[in-house]
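Here's the structure we're looking at; comments come further down.
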Amino acid sequence: MYIYRPIKPHRLFITIVLLSASLVSQASELKDAVRNLTPTLNVTIVPGTPDPAIKGCGREADRDQCKEEKKALKLKARKIFDENLRKSTFDASKSKKKESSGEEGVKVATNSADASSISVVAAALQSAGLLSGGPKALILFDQPDDVAFSKLGQIYAIMLRNLLGHFDAEVSIQKVSEYLPDEIEGYDVVFYIGSYFDNPIPAAFLQDVVSTEKTVVWFRYNIWQLAWNGDLGFSSRFGLAFNGLRGFDSPPSVDNPAPGFFNTVTYKGVELEKYFDFDVETSSVHADPDAGWMAIADPAKAEAILEVENSVTGEVIPYITRSGNFWYFADLPLSYIGPRDRYLALADILHEILGVDHEPSKYAMLRLEDVASLVNFSNMRSLIDYLSRRDIPYTITAVPFYRDPNGVYNGGDPLELPMAQSESMLNSLDYALTRGGKISLHGYTHQYADEQNPYSGITGDDFEFWHIPNNAVVAEDSVTWASGRIQMAYSALVASGYAPFTWTTPHYQASPNAYAAVNQFFDSRYERSIYYTAVTPLLNLDVNNPDRDFAAGQFFPYLIESDYYGARLYPENLGNIEYDIREIDPASFIDYSWEEVYLNAVYAEVIRDGVASFFFHPFWLEPELGVRGFNDFRRLVRGISDLGYQWITPDQL
């Protein structure tokens, strides 16, 4: 008898970046009596998705406050849900079907080589000038030599490069220090990411910014080197005036745990709030509060596209300003990104910046997650029947080989069970493929070796292509090693009569070599991903070591035609329903309700061609867990449907 155990939710393990006084070079600690230019010190800033990506209300000191915040979110979501329920009746016709090249329900569908051949033809037409390409973009980032956090700017550049992949852009990334005179003229748009306070900007770039007609986008820091240089005539050229930096109204403390800062951007009527977390027990601050205060000096030349509000004082300053070809963002909307964050405004406004106005669309996608040899067919059938009756297509992430190498949940006896020997898994896949389901390959074993990585060593619990305890690549890491595992996984599915159309990385984290290996089998991934500043990143060096690398987790609110690793990225941007069952499983302490996932779909509506995509673990239907898994799943699906989203599988994007 196999002992059931719920599988851990996806978690992104990201190296935290401490931006303290060491971030600011000694030469740049200036304070201007008129123009404030003092950056906020002693705060922790995380590029990409915060870790944990979802607050679990795990800290005893502020658990009550956290639960009250979640209660407020649930009430907000239920109000929107009820309003939409009154306005519309669930309509199965919202499920969008596109004609496919293969017959639905056939186990072994169209080979992925067909998609590759189409890509080859498209590339040939592109090179012949018969297809128009996307915009040509240059991303410049800070990387001063021999200082702490030297490589931080690079990870932000990679994240921005990924977003530009939605527009099929041809992107170059380089240090701003390597900029050459007139280089800007070779591009349609140039982005400068000011992430390192007072990093010296080449005079040639500053001069080109004020003289070019090409689009220039500047993020936060170091704008003063342009705006306060009297020889460049910034204000007269652009009609803008930079007043300095704004941060916290006062430092967070036990007595004042939530001081004001410019944290709320309203976009298309939706309030997008920046991440903030203060740990009263350790006095650590997780936030990115600094904002560049750019004012409109000449309304005939410049305008405030968006504003940002200090939610405590009510003060408002421009968030995005524009003067012709010049754009300025008050902060860097690539830190602490989330599904209700100002990151969404950046993702959508890139359409205007790049001059690419995609056709409006509103698609929804879902995955049934971690389907392996011990899956409960009854649970799968309940979920599939519900979706099939509503003509909703979906994807199943399949793990071909179940392992419990130490017998942790099998009475001390090691257990290995390939899918070919699992009647429940085969029945689940067969049942799904004749009722709107498609398959994504989700690793080979979804665990690593015979060790805890980091939980139990059991399939579904652990990471496969990244070593969590060491926060580093696994010992065997190479393209060849990862390719071998993917080949075994693919072969196991095919041998049982199934063909996956895409890949989903176990727990969303792998090494750069593993991502490269995935590209040998698939031209796409269906996930959010982790990006690094090196192929073999050194994430554990001292924070002051200039050679320390950085990583960032990133989700996408729309299709990415090509990401930093060279793959098509099908988005998952809403998260997943989770329940706090710490009494059963101490590591499963996250409470993330259907209402919160639904609210993320509401916020995703600000993206003109966005996608609302989530996943769900079938084991939440197990009665012994004592949760309302099936009921909440149905509420979520209905809620997203009533928002007007059309259900598809990602290969239909």
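The values are calculated or read from the model by the stated rules, or taken from the named source; none is laboratory data. Source: prediction; values computed, not measured. Please note: Cβ atoms are built from the backbone with ideal geometry, for glycine as well, and neighbour counts cover all protein chains shown. Note: areas computed on protein heavy atoms with side chains; ligands, DNA, RNA excluded. Shrake-Rupley method; radii C 1.70, N 1.55, O 1.52, S 1.80 Å.
Given the criteria modelled with pLDDT of 85 or more and assigned to a strand (DSSP E or B), does residue 38 qualify? No. Residues that are of a type in the set (Val, Ile, Thr), open to solvent by less than 30 Å² (accessible area, probe 1.4 Å) and more than 15 Å from residue 509 (Cα to Cα) do not occur anywhere in the stretch 543-554. What do you reckon, is residue 594 touching a residue at least 40 places away in the same chain (Cβ under 8 Å) and touching a Pro at 6+ places or on another chain (Cβ under 9 Å)? No, not satisfied. A search for C-beta distances below 8 Å between a residue of the stretch 281-297 that is of a type in the set (Phe, Trp, Tyr) and any residue that is outside any strand (DSSP E or B), counting only pairs 6+ apart in sequence or on different chains, returns 293/330. May I ask you to list the residues in the stretch 435-480 that are more than 16 Å from residue 510 (Cα to Cα) and among the aliphatic types (A, V, I, L, M)? 439, 458 - these are the residues of the stretch 435-480 that are more than 16 Å from residue 510 (Cα to Cα) and among the aliphatic types (A, V, I, L, M). Can you tell me which residue among 207, 174 is farther than 25 Å from residue 607 by Cα and assigned to a strand (DSSP E or B)? Residue meeting the stated conditions: 174.
For the stretch 260-274, the set of residues classified as surrounded by fewer than 23 Cβ atoms within 10 Å (Cβ to Cβ) and part of a loop (DSSP other than H, G, I, E, B) consists of 260, 268, 269, listed by residue number.
Beta carbons closer than 7 Å, at least 6 apart along the sequence or on distinct chains, pair a first residue in the stretch 190-201 that is in contact (Cβ under 8 Å) with a residue 12 or more places away in the chain with a second that is assigned to a loop (DSSP other than H, G, I, E, B) and surrounded by fewer than 22 Cβ atoms within 10 Å (Cβ to Cβ) for 190/214; 196/144; 197/24; 197/39; 198/25; 199/144. Yes or no: residue 422 farther than 21 Å from residue 526 by Cβ and buried (at least 18 other Cβ atoms within 10 Å of the Cβ)? Yes, satisfied. Among residues of the stretch 354-370 being open to solvent by 10 Å² or more (accessible area, probe 1.4 Å) and aliphatic (A, V, I, L, M), the one that is farthest from residue 614 (Cα to Cα) is 354. Scanning the stretch 298-324 for residues that are touching a residue at least 24 places away in the same chain (Cβ under 8 Å) and within 28 Å of the chain's Cα centre (by Cα) returns 305, 306, 307, 308, 309, 310, 311, 317, 318, 319, 320, 321.
Please work out which residue is most open to solvent (accessible area, probe 1.4 Å), limiting yourself to the stretch 210-225 and to residues that are of a type in the set (A, V, I, L, M) and not in a loop (DSSP other than H, G, I, E, B). Selected residue: 210.
Table: residues versus (1) at pLDDT 95 or above; (2) surrounded by 16 or more Cβ atoms within 10 Å (Cβ to Cβ); (3) within 17 Å of residue 144 (Cα to Cα).
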residue: 169; (1), (2), (3): yes, yes, no
residue: 173; (1), (2), (3): yes, yes, yes
residue: 181; (1), (2), (3): yes, no, no
residue: 187; (1), (2), (3): yes, yes, no
residue: 193; (1), (2), (3): yes, yes, yes
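Within the stretch 616-626, the set of residues being surrounded by fewer than 24 Cβ atoms within 10 Å (Cβ to Cβ) and touching a Ser or Thr at 6+ places or on another chain (Cβ under 9 Å) comprises just one member, 621.
Here is the figure for the stretch 226-259: residues that are touching a strand residue (DSSP E or B) at 6+ places or on another chain (Cβ under 6 Å), assigned to a loop (DSSP other than H, G, I, E, B) and open to solvent by 40 Å² or more (accessible area, probe 1.4 Å) total 1.
How many residues, within the stretch 303-326, are open to solvent by 10 Å² or more (accessible area, probe 1.4 Å) and either of a type in the set (A, V, I, L, M) or assigned to a strand (DSSP E or B) (or both)?
Final tally of qualifying residues: 10.
Scoring residue 376 on the criteria (1) more than 20 Å from the chain's Cα centre (by Cα); (2) crowded, with 24+ Cβ neighbours inside 10 Å leaves a single failure, condition (2).
Sub-7 Å Cβ pairs linking a first residue in the stretch 389-408 that is under 14 Å from residue 649 (Cα atoms) and open to solvent by less than 40 Å² (accessible area, probe 1.4 Å) to a second residue that is in a loop (DSSP other than H, G, I, E, B) and not hydroxyl-bearing (Ser, Thr, Tyr), at least 6 apart or interchain, are 392/436; 393/436; 393/648; 394/436; 397/442, ordered by first then second residue.
Residue-by-condition table, conditions (1) closer than 21 Å to residue 174 by Cα; (2) touching a strand residue (DSSP E or B) at 6+ places or on another chain (Cβ under 7 Å); (3) open to solvent by 40 Å² or more (accessible area, probe 1.4 Å):
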| site | (1), (2), (3) |
| --- | --- |
| 496 | no, no, no |
| 514 | no, yes, no |
| 520 | no, no, yes |
| 532 | yes, yes, no |
| 536 | yes, no, yes |
| 560 | no, yes, no |
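For the residues 508, 490, the requirement of being touching a Lys or Arg at 6+ places or on another chain (Cβ under 6 Å) and surrounded by 16 or more Cβ atoms within 10 Å (Cβ to Cβ) singles out 508. Could you check how many residues of the stretch 431-472 are open to solvent by 50 Å² or more (accessible area, probe 1.4 Å) and among the acidic types (Asp, Glu)? Total satisfying the criteria: 2. Pairing each residue of the stretch 371-385 that is within 18 Å of residue 409 (Cβ to Cβ) with any residue that is open to solvent by 10 Å² or more (accessible area, probe 1.4 Å) and of a type in the set (Val, Ile, Thr), provided the two are 6+ apart or on different chains, yields C-beta distances under 9 Å for 372/7.
Of all residues in the stretch 627-653 being outside any helix (DSSP H, G or I), of a type outside the set (Ser, Thr, Tyr) and touching a residue at least 40 places away in the same chain (Cβ under 8 Å), which is surrounded by the most Cβ atoms within 10 Å (Cβ to Cβ)?
Restricting to residues being outside any helix (DSSP H, G or I), of a type outside the set (Ser, Thr, Tyr) and touching a residue at least 40 places away in the same chain (Cβ under 8 Å), the top hit is 647.
Only one of the listed residues (335, 361, 373, 382) is hydroxyl-bearing (Ser, Thr, Tyr) and out of contact with any strand residue (DSSP E or B) (no Cβ under 6 Å at 6 or more places or on another chain). That residue is 382.
The rows are residues; the columns are (1) modelled with pLDDT under 95; (2) part of a loop (DSSP other than H, G, I, E, B); (3) of a type in the set (D, E, K, R); (4) open to solvent by 10 Å² or more (accessible area, probe 1.4 Å).
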{"position": "589", "(1), (2), (3), (4)": "yes, yes, no, yes"}
{"position": "602", "(1), (2), (3), (4)": "no, no, no, yes"}
{"position": "611", "(1), (2), (3), (4)": "no, no, no, no"}
{"position": "614", "(1), (2), (3), (4)": "no, no, no, no"}
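Checked against the criterion of being open to solvent by 20 Å² or more (accessible area, probe 1.4 Å) and either in contact with a helix residue (DSSP H, G or I) (Cβ under 9 Å, 6 or more places away or on another chain) or at negative phi (or both), the candidates 277, 298, 331, 290 yield just one match: 298. Where strands (runs of 3 or more DSSP E) fall entirely within the stretch 352-468, those with at least 1 residues that are farther than 22 Å from residue 494 by Cα, among the hydroxyl-bearing types (Ser, Thr, Tyr) and modelled with pLDDT of 95 or more are at 361-371.
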